[in-house]
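Just so you know, all these numbers are worked out from the coordinates, no wet-lab data involved. These numbers come from a predicted model, not from an experiment. Using ideal geometry, Cβ is built from the backbone for each residue, glycine included, and neighbour counts are taken over all protein chains shown.
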Amino acid sequence: MSRTVRVAVAQSGPIQKTDSREHVVARLLEMMKQAAAGKCNIVLFTELALTTFFPRYYEEDRGKMDDWFESGMPNSATRPLFDTARELGIGFSLVFAELTADQHHYNTQILVDTQANIVGRYRKVHLPGHAEYEPERAWQHLEKRYFEPGNLGFPVWRTMGGVMGMCICNDRRWPETFRVMGLQGVELVMLGYNTPTLNSMKPEETAATRMHHNHLCMQAGAYQNACWVAGCAKAGDEDGHDLMAGSCIINPDGEIVALAQSNEDEVIVHDCDLDECAFLKKTTFDFDAHRRIEHYGLISSQTGAVPPPE
Ligand code: CDV
């Protein structure tokens, strides 16, 4: 039986502060329909796919930011995504700001199967940025103010004929993210990102270097764990802040096999044969044969780097 999953990555163009959820969902629905028309099995949406990247805005009273969060999923604005997915028989993955019933705030991703059941939930572990206003920055990145670190680890799910994993934006820069999923046999990692084109703390860093970092970490994650990686950007100018594009699909050899060409809403597609993961999983990256965990203790016992004394 073929284990090919036709994956659509639905890059979002910019979402403005005043855009309603309904307006944004209509854009996502267009891309979902395009993916389904192309016989895709699953469509991946980006990080904070329903709103602008609101952590760039400082608000003294955190409670006032709750309007950016979803307290139920599906809710009235997002139900059309679930209804249409069920009608079209396509799965999807969506990232949104989650406010739980017990008042916790997470940057959350869900995996929805082809019958529109939520089969997986992940909450962003590596929150970049800062919690307080920092005047020296050209713009703010307040994820640490508005979100708590995810409390679910890096689970994987067996669905759509394979082993699926998720992570969100900054998570892709950490090899631990991919390795923990790799250790559970992951075959396709889906992630969304909202990444500024330039660095607010390093203006001389070029957009090209930052795009290189974007692809480098996803390509390394794919190769070192012998899995497919799909990365979905929110791109373009949001309220004067430019976000990088570069959405892509990467094979288990770490090669980019599909790449978005625009800074707008754009769907890219690739047939991801999950059996292509097997060769590297059984040879170079046969973890059972080659890993030496007796030397890896520092990874989970120490957070920061401790160089030897001078
Ligand atoms: N949304 C993000 O997590 N963005 C970070 C930026 C701030 C560096 C990223 O890693 O792309």
Kindly establish whether Arg121 is away from the ligand (no atom under 14 Å from the Cβ), assigned to a strand (DSSP E or B), free of Cβ contacts under 8 Å to residues at least 40 places away in the same chain and surrounded by fewer than 15 Cβ atoms within 10 Å (Cβ to Cβ).
-> no
Hits in region 190-228 - residues which are aliphatic (A, V, I, L, M) and touching a Leu at 6+ places or on another chain (Cβ under 7 Å) | Met190, Ala207, Ala226
Candidates His104, His130, filtered to the one that is within 16 Å of the ligand (Cβ to nearest atom) and out of contact with any Pro (no Cβ under 7 Å at 6 or more places or on another chain) | His130
Conditions: (1) out of contact with any strand residue (DSSP E or B) (no Cβ under 7 Å at 6 or more places or on another chain); (2) closer than 18 Å to Leu44 by Cα. Pro308 meets all but one. Number of the miss?
-> (2)
For Thr284, the lone unmet condition from (1) surrounded by 13 or more Cβ atoms within 10 Å (Cβ to Cβ); (2) in contact with a His (Cβ under 9 Å, 6 or more places away or on another chain); (3) of a type outside the set (Gly, Ala, Ser) is (1)
Could you list, in sequence order, the residues of region 130-145 that are under 18 Å from the mean Cα position of the chain (by Cα) and not in a loop (DSSP other than H, G, I, E, B)?
-> Glu143, Lys144
Subset of region 148-172 (residues that are within 16 Å of the ligand (Cβ to nearest atom), free of Cβ contacts under 8 Å to residues at least 60 places away in the same chain and either in contact with a Ser or Thr (Cβ under 9 Å, 6 or more places away or on another chain) or over 23 Å from Gln103 (Cα atoms) (or both)) | Gly150, Phe154, Cys167, Asn170, Asp171, Arg172
Report the residue count in region 190-246 for those that are surrounded by 16 or more Cβ atoms within 10 Å (Cβ to Cβ), among the small types (Gly, Ala, Ser) and free of Cβ contacts under 8 Å to residues at least 60 places away in the same chain.
-> 5
